[in-house]
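What follows is a set of notes on a single structure, which appears directly below.
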Amino acid sequence: MPVIHPHSAGIDVGATSHWVCVPENAVAQGESPVREFGAFTKDLDELVEWLLKGQVKTVAMESTSVYWIPLFQKLEAAGLEVILVNARHVRHVPGRKTDCKDCQWLQRLHSYGLLNGSFRPSDDICCLRSLMRHRDNLTKACGQQVQHMQQALNYMNIHLHHAVSDLNGETGLRILDAILRGERDPKELVKLRDPQITRSTVEEMEAALKGDWREEHLFVLRQSLENYRHLLKQMEVCDGELEKTLAKVVVNPATVVKAERPKNPPAAESKSKKQKKFKKLKAGTGLKRDLSAEMTRICGVDLTRIIGLNVLGVLIVISEIGVDMSRWRNAKAFCAWLGLCPGNKISGGKVLSSHTVHVVNRVAILLRTVAPAVGRSDTWLGIFHRRMRGRLGPAAANTATARKLACTIYHLLKYKEEYIDVDCLIYQEKIRKSRIAKLCKQAEELGFEVLKKQKAA
């Protein structure tokens, strides 16, 4: 087998040490091509210096937990080409696994050009991704504190969640503050409710606010509420930092691919009542700041026009994949990377399995999450989701709809064209023609002749 990368190295990344293997001609005679380095910064500097001394140009390393990030940054800053490899794709022979043999195996596979690098966005997108993941952790922490408040109220037999839809809403927070100030009279607490609440009557709410006021549970309620409000302040500060990071993102004009518009562009957007209602539901972003202008500048198009995506959803997508779609050769490869395509296993000409490959990807999780809401809309995607749900079930329908959304995102980011929703009547007519063509083909296979009905004069 010919050597593709003669100046290559393999690194087995660990928590306390890194094992490095270089070609035998990269070291002096009598010196071992395999060395172990520590995980401290000075050790990483020695590792990089040793590679440069051996005239190594490209490095393959496993993406082990988060231990690879400092080493990756050091190697990239030194001008070396670094390829991140999934450990599942470089499995060694059973019974021969050691750190020393792993780095040798990586170096050999990489020298023959048998390894594919994992996706890693640009540095500014990586900064954005770190902040978005931190914000996601803050959101989950807020949810945990709300659960703690709910648990404390249940211990005291206070059924506030039956009276109001959101415990952390305006009415719920006003009532909780009054309870912690010492108010125990249900009639006085009910006066704090919003007049627009229709979930419960005044009598039902008074009955829900009668309970056993115990000091230990009130203490837990107080601390949980304080933690919740502290996390909200932290989230607001995080939104400010996100805005600063978005302003620093530089869009490379070279990534914009000029393509011709389709010969038959889709019809104008449907104006049904259900669709207008769905558009209004998309307005809530969960962000403390309006980042829609920055997102449009970075993306080059308004991705919020896609049904089911708001500013927060677009921000999650961009923070994970960036805006450079040239990393994937086509939309099919992009969907396969997201884990939204069937993983066909074929042996002997037979398809053994077609289950979707399990991939932990935040973009895929987002698209699968919004798929049921899209299925309830009066759009062509809603019609598609309901068709798939009737044929394959809810899970497969969510995956299929998520794949449609992923293809749409890919084409909009690659070709920088505005999204135009397909009219429902046109989509239904397309489905009708497809069914007719299928039935005609089946009839011909069975020996029948299909005659078209003549229109009356």
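The values are calculated or read from the model by the stated rules, or taken from the named source; none is laboratory data. In this text the structure is predicted, and so the values were computed from the model without any measurement. Counting neighbours? That spans all protein chains shown, and the Cβs are built from the backbone with ideal geometry, glycine included.
May I ask you to list the residues in the stretch 37-67 that are over 27 Å from Cys127 (Cβ atoms), in contact (Cβ under 8 Å) with a residue 40 or more places away in the chain and either part of a strand (DSSP E or B) or basic (Lys, Arg) (or both)?
Lys57
Checking Pro70 against (1) closer than 22 Å to Phe119 by Cα; (2) touching a strand residue (DSSP E or B) at 6+ places or on another chain (Cβ under 8 Å); (3) not basic (Lys, Arg); (4) not in a loop (DSSP other than H, G, I, E, B): exactly one of these is not met. Which one?
(2)
Of all residues in the stretch 160-208, how many are out of contact with any helix residue (DSSP H, G or I) (no Cβ under 7 Å at 6 or more places or on another chain), part of a loop (DSSP other than H, G, I, E, B) and of a type outside the set (D, E, K, R)?
Counting residues in the stretch 160-208 that are out of contact with any helix residue (DSSP H, G or I) (no Cβ under 7 Å at 6 or more places or on another chain), part of a loop (DSSP other than H, G, I, E, B) and of a type outside the set (D, E, K, R) gives 7.
Restricting to the stretch 318-366, count the residues that are of a type in the set (Val, Ile, Thr) and modelled with pLDDT of 85 or more. Walk me through how you get there before you give the answer.
Let us first name the residues in the stretch 318-366 that are of a type in the set (Val, Ile, Thr), namely 318, 321, 323, 346, 351, 356-357, 359-360, 363, 365.
Then drop every residue that is not modelled with pLDDT of 85 or more, which leaves 318, 321, 323, 363, 365.
Residues meeting the conditions: 5.
Of all residues in the stretch 323-354 being among the charged types (D, E, K, R) and not in a helix (DSSP H, G or I), which is farthest from Tyr415 (Cα to Cα)?
My answer is Lys350.
Can you spot a residue in the stretch 398-419 that is over 28 Å from Gly322 (Cβ atoms) and out of contact with any Gly (no Cβ under 9 Å at 6 or more places or on another chain)?
no
Could you tell me whether the stretch 173-196 includes any residue that is farther than 24 Å from Leu232 by Cα and aliphatic (A, V, I, L, M)?
Yes - at least one qualifying residue is present in the stretch 173-196.
When you go through (1) hydrophobic (A, V, I, L, M, F, W, C); (2) at pLDDT below 90; (3) under 32 Å from the mean Cα position of the chain (by Cα) one by one for Leu231, which number turns out not to apply?
(2)
Every residue in the stretch 190-249 that is among the hydroxyl-bearing types (Ser, Thr, Tyr) and without any contact (Cβ under 8 Å) to a residue 24 or more places away in the chain, please. Give the derivation first.
Quick first cut of the stretch 190-249, residues among the hydroxyl-bearing types (Ser, Thr, Tyr) only: 198, 200-201, 224, 228, 245.
Across the stretch 190-249, the qualifying residues are Thr198, Thr201.
Are any residues in the stretch 193-228 within 27 Å of Thr139 (Cβ to Cβ) and modelled with pLDDT under 90, and if so, which ones?
Within the stretch 193-228, Arg193, Asp194, Gln196, Ile197, Arg199 meet the criteria.
Tell me yes or no: at least one residue of the stretch 189-205 is within 30 Å of His134 (Cβ to Cβ) and assigned by TED's automatic domain parsing to the domain that holds His148.
No, the stretch 189-205 contains no residue that is within 30 Å of His134 (Cβ to Cβ) and assigned by TED's automatic domain parsing to the domain that holds His148.
Please verify whether the stretch 421-428 includes one or more residues that are under 27 Å from the mean Cα position of the chain (by Cα), at pLDDT below 85 and loosely packed, with under 13 Cβ neighbours inside 10 Å.
The answer is no; no qualifying residue exists.
Can you work out which of the residues in the stretch 8-36 that are in a loop (DSSP other than H, G, I, E, B) and buried (at least 17 other Cβ atoms within 10 Å of the Cβ) is farthest from the chain's Cα centre (by Cα)? Walk me through it before giving the result.
At the first step, the residues of the stretch 8-36 found to be in a loop (DSSP other than H, G, I, E, B) are 13-16, 22-23, 27-33.
Checking the rest, the ones that are also buried (at least 17 other Cβ atoms within 10 Å of the Cβ) come to 13-14, 22-23, 33.
Details: Val13: 26, Gly14: 27, Val22: 36, Pro23: 39, Pro33: 40 Å.
Out of the qualifying residues, it is Pro33.
Kindly list, by first and then second residue, each pair from a residue in the stretch 295-312 that is outside any helix (DSSP H, G or I) to a residue that is surrounded by fewer than 19 Cβ atoms within 10 Å (Cβ to Cβ) and of a type in the set (Phe, Trp, Tyr), limited to pairs with Cβ atoms under 6 Å and residues at least 6 apart or on different chains.
From residues that are outside any helix (DSSP H, G or I), the pairs are Ile306/Tyr419.
Specify which of the listed residues (Ala371, Ala364) is touching a helix residue (DSSP H, G or I) at 6+ places or on another chain (Cβ under 6 Å), more than 28 Å from Thr245 (Cβ to Cβ) and crowded, with 21+ Cβ neighbours inside 10 Å.
Just a single option satisfies the conditions, and that option is Ala371.
Tell me yes or no: at least one residue of the stretch 228-238 is assigned to a helix (DSSP H, G or I), farther than 23 Å from His148 by Cα and touching a Leu at 6+ places or on another chain (Cβ under 8 Å).
yes
Any chance the stretch 118-127 includes a residue that's exposed (fewer than 14 other Cβ atoms within 10 Å of the Cβ), touching a residue at least 24 places away in the same chain (Cβ under 8 Å) and in contact with a Leu (Cβ under 6 Å, 6 or more places away or on another chain)?
Taking the stretch 118-127 first, the residues exposed (fewer than 14 other Cβ atoms within 10 Å of the Cβ) are 118-119, 123.
Among the residues that remain, those that are also touching a residue at least 24 places away in the same chain (Cβ under 8 Å) are: 118-119.
Narrowing the set further to residues that are in contact with a Leu (Cβ under 6 Å, 6 or more places away or on another chain) leaves 118.
So far as the stretch 118-127 goes, yes, one or more of its residues are exposed (fewer than 14 other Cβ atoms within 10 Å of the Cβ), touching a residue at least 24 places away in the same chain (Cβ under 8 Å) and in contact with a Leu (Cβ under 6 Å, 6 or more places away or on another chain).
Run down Val357, Val374 and say which single residue is more than 30 Å from Gly300 (Cα to Cα), of a type in the set (A, V, I, L, M) and in the same structural domain as Asp302 (by TED's automatic domain parsing).
Val357
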